[in-house]
Structures are given as C-alpha cells and as structure tokens.
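What follows is a short report on a single structure.
The values are calculated or read from the model by the stated rules, or taken from the named source; none is laboratory data. The shown structure was predicted, so the numbers you read here are calculated from the model rather than taken from an experiment. Don't worry about glycine lacking a Cβ; one is built from the backbone with ideal geometry, like all the others, and counts go over all protein chains shown. Only protein heavy atoms, including side chains, enter the accessible area calculation; ligands, DNA and RNA are left aside. Shrake-Rupley method; radii C 1.70, N 1.55, O 1.52, S 1.80 Å.
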Amino acid sequence: MGKKIAILTAGGDCPGLNAAIRGVGKTAIVNHGMEVIGFTAGFSGLINKEYVVLDANKLSGILTLGGTILGTSREKPFKLEKGEVFNYKPGLIKKSYEELELDCVVCIGGNGTMKTAHLLSLEGLNVIGIPKTIDNDVFGTEITFGFDSAVSIATEAIDRLHSTANSHQRAMVIEVMGHNAGWIALYAGVAGGGDIILIPEIKYDIEKVCRKIEDRFTRGKISAIVVVAEGIEKPENISAASYIVSKIQQLTSIEPRETRLGYVQRGGSPSAMDRILATRYGAYATELIAKEQYGLMVAIHGGVLGSVPLEEVGGKLSLVDPNHSLITKARNMGVLFGDE
Ligand code: F6P
C-alpha cells in the first residue's frame, strides 16, 4: 500500500499555493501511488479533522489559480488562548493524525507555520514544511514562493505612478507589504525605479528623505517616487505611507500623495517563476516523504533544492542585510535609503 499523506496551507495566502499543492499531490499520486488528502483552513482543519480528498481530478486545473483551494487560517495550535490553562489542540491533532492513519502532513506556510510544524514533529507526527509568503522572510531558504508575484505586482504599480507623478509634479509614496521585512520594498523599489526606498532594516532620517525630494525638484526633476515597506519605524495608529506623506507636507514645498497597495500583492494568478518554484518545492517535499525523511523544510540555496531541519527554522526571520549587494548597487546609482 502507498503512503497516505495530508497537505495544509496556513497563514497569509499568496499566489503559488495551489501550484505547491499540485506539485506535492501529483508527484505523490503519479510517481509514488500515494493517497492524498487536504485539510481545510490550515491547522484548524487538522484540529477538527476537516479535509477533502485530493485526487487527480481535484488537482487538475489549479496550477494558475490564485489563493488556496484548501483555504487557510492563522490558527496557532500551540498558543494558549486568553484564560486557557490547558491546550487541548495538540491532542486533537494527534487524534486526527492517528485516526486518519496518516504517514505525513505537509505544512505549507511562513515562519509561524514552520514553528508549528516543528512542534508537531516533537509530538511525534511526521511533517514536512514548504516555505511560502510574499514577505520572503522565512529563515533557511533563499526565496519563498509568493515573493516573485508580489514584486511583479508592486513593480507594475510603481511603473504606473511615475506618469501621474510627472503630470502633477508630485512626490508619490507607495506602501508595500512585507510585515517586518523589507524584501518587497527593496526589490520592487529597484525594479520600479524608486528614488527613495525605506525598509525596516535601515533606520531612516526623515529630514534626509525630505531633503532628497527637495533636491530632486531643485535639480529640475518633476517628480519623486518613494517606496516604503509597511514595517518601517513610525508612530502608532498611522500607516507608513500616511506618516511619510505627512512629513513631506510638513517639511517640504512638494505636494505628496499616497498609495497603499495592500492585498492586491497577495491576489491573482502566480507569476511563472512562482509556479516553477512552488512546483519544485512541492515535488521535492514528496520525494523526501518517499524516502521517509521528516522534520524538514524544503529550501533552495544557489538555485539548488535541499532541506533544512525545522528546528533550525521555526520562528526565525530572514531580514534584508543592510549591506545586501542590491542596496549597494542602488546607492551607487543615487537611490536614497534614508540613512545617508
Ligand atoms: O504575511 C503576509 C502578509 O501579507 C504581510 O505582508 C502582511 O503584513 C500580513 O500578511 C497581513 O495579514 P492579514 O492577512 O492577516 O491581514
């Protein structure tokens, strides 16, 4: 009898999740004769034993679909809810796992999901993690799927801001996602020709930001594009973009406007690169299961697929190194990161 495996998608959704589900499932069914089910709504489905059978038909036609056919949630099974003194969820998970006679659970998610997957492996479950998030902040791998799609979406938006900024001689501030990491802002900022790029990993001086904007106009430029990561330092209860706009209004004679890109960065069909990466991650995860190698997260380094122990990954972040070569190159072309 082939193995019986389950897949779940947890945390924020992103383009490529269905490509990853397809990569795991089709490799399992076609190459290894495995039985595949999918828990709905992330770890909630595993706790409540809510699942669907993932057969060839169910996996057909989903490669290009945005979102996740399984749904997702931000359920954290090991986190005690307020007032709880005993956490019954890990016990329910083990019960689901045993009653369904599973050989492995493939957890597709971000750093929080990898932490939960590791804790489940300590409870005796066979698990494999697949790193997903538009933020690209999962420790232990060079790139997560979802990131390329988000950068493409953000870049296309920045491209569009140049023309309206020039028409009105404005400073356009665009806020992109990324949680506490600046990867999307850095990559989309450079790809979109941003003049100023603010990321959480580099402490910025708002006076220098405003002076750079004024200098541009003094030198005859008729616009400025400011790309900010949502996680930059700012006062409470004001968005990053609104804060930067307010300071430009206060400290310069230039007219600013803001765009908060939000959830469009997580929507729609995955880019070709994300389809490829998600497919590679999914197929590789299934090959690890076939070799009964568990407690690992699939990863990529230097374009080569591999895996890292979940215990080395869970709960850590992959943040932008301020000395990243792309930052150096951008600085050498006149892009300001707010610290010089
Ligand atoms: O982790 C992906 C992400 O989009 C972050 O960039 C963002 O800060 C967060 O999710 C938003 O969370 P939610 O979808 O719960 O609003």
DSSP bridge pairs, the chain: antiparallel proportion in percent, nearest 5: 25
For Phe145, list long-range residues whose amide hydrogen, built 1.01 Å from N in the peptide plane, is under 5 Å from its own amide hydrogen. Thr133
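Which order do the peptides 207-215, 142-150 take when ranked by the mean count of other beta-carbon atoms within 10 Å per residue, highest first? Each step should come with its number before you reach the end.
On the way: 207-215: 17.8, 142-150: 25.8.
Ranking, from highest mean packing down: 142-150, 207-215.
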Between segment 275-340 and segment 130-183, what is the separation of their alpha carbon centroids in Å? 17
Under a Cβ-Cβ cut-off of 13 Å, what is the net charge of the residues other than Ala56 that fall near it, where Lys and Arg count +1 and Asp and Glu count -1? +1
Selected from Gly315, Met333, Ser269, residue furthest toward positive end of dipole (segment 232-340; charges at beta carbon): Ser269
In a Gaussian network model of the chain with springs linking alpha carbons closer than 10 Å, the residue among Glu99, Glu233, Glu255 that fluctuates most is Glu99
Reachable lysines from Lys26, Cα under 21 Å, same-chain residues fewer than 8 places away excluded? Lys3, Lys4, Lys58, Lys132, Lys291
Any lysines whose Cα falls less than 25 Å from that of Lys82, other than same-chain ones fewer than 8 residues away, would be Lys49, Lys94, Lys95, Lys115, Lys316
Student exercise, the chain dipole from Lys, Arg, Asp, Glu Cβ charges, in Debye to nearest 20: 440
Note to self, the chain gives a 222 nm [θ] from helices alone (DSSP H runs n ≥ 4, -39500 (n - 2.57) apiece, / all residues, nearest 500) of -11000 deg cm²/dmol
Using only the alpha carbon atoms of segment 173-246, find the Kirkwood hydrodynamic radius as the inverse mean reciprocal pair distance, in angstroms to one decimal. 12.4
What's the extension gain from Lys49 to Asp205 if we count 0.36 nm per residue and subtract their Cα-Cα distance? 51.1 nm
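In what sequence, highest mean first, do 28-40, 84-96 appear when ranked by Cβ atoms within 10 angstrom?
Values: 28-40: 19.5, 84-96: 14.1.
Result, highest mean first: 28-40, 84-96.
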Within segment 31-56, what residues put their amide N at less than 12 Å from the label point 7 Å along the Cα-to-Cβ vector of Glu99? 46-51
Summed over the other residues with a beta carbon less than 15 angstrom from that of Ala299, with K and R at +1 and D and E at -1, the charge totals -2
The answer for Tyr51, listing residues at least 5 apart or on another chain whose modeled amide H is closer than 5 Å to its amide H, is Thr40
Could you work out the per residue convex hull volume over the alpha carbons of segment 125-238, in cubic angstrom? 120
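I need the peptides 234-242, 194-202 ranked by packing, meaning the mean over residues of other C-beta atoms within 10 angstrom, with the highest value on top. Don't skip to the end; give the middle numbers.
Details: 234-242: 14.2, 194-202: 23.9.
Final packing ranking: 194-202, 234-242.
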Two pseudo-spin positions, 7 Å from Cα along C-beta at Glu340 and at Lys4, lie apart in nanometres by 6.0
For the chain, dividing by residue count, accessible area per residue (probe 1.4 Å) in Å² works out to 43
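Quantify, in whole percent, the carbon and sulfur part of the accessible surface of segment 148-265 (1.4 Å probe; protein heavy atoms only). Please report the intermediate quantities before stating the final value.
Details: 2330 of 5120 Å².
Carbon plus sulfur share of accessible area: 45 percent.
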Compute the distance in nm between two label points, each set 7 Å from the Cα along the Cα-to-Cβ direction, one at Arg257 and one at Leu326. 2.7
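So how many Å³ per residue does the convex hull of the Cα atoms of the chain work out to? It would help to have the intermediate numbers written out before the result.
Numbers: hull volume 44.0 nm³, N = 340.
Spread over its residues, the Cα hull of the chain gives 129 Å³ apiece.
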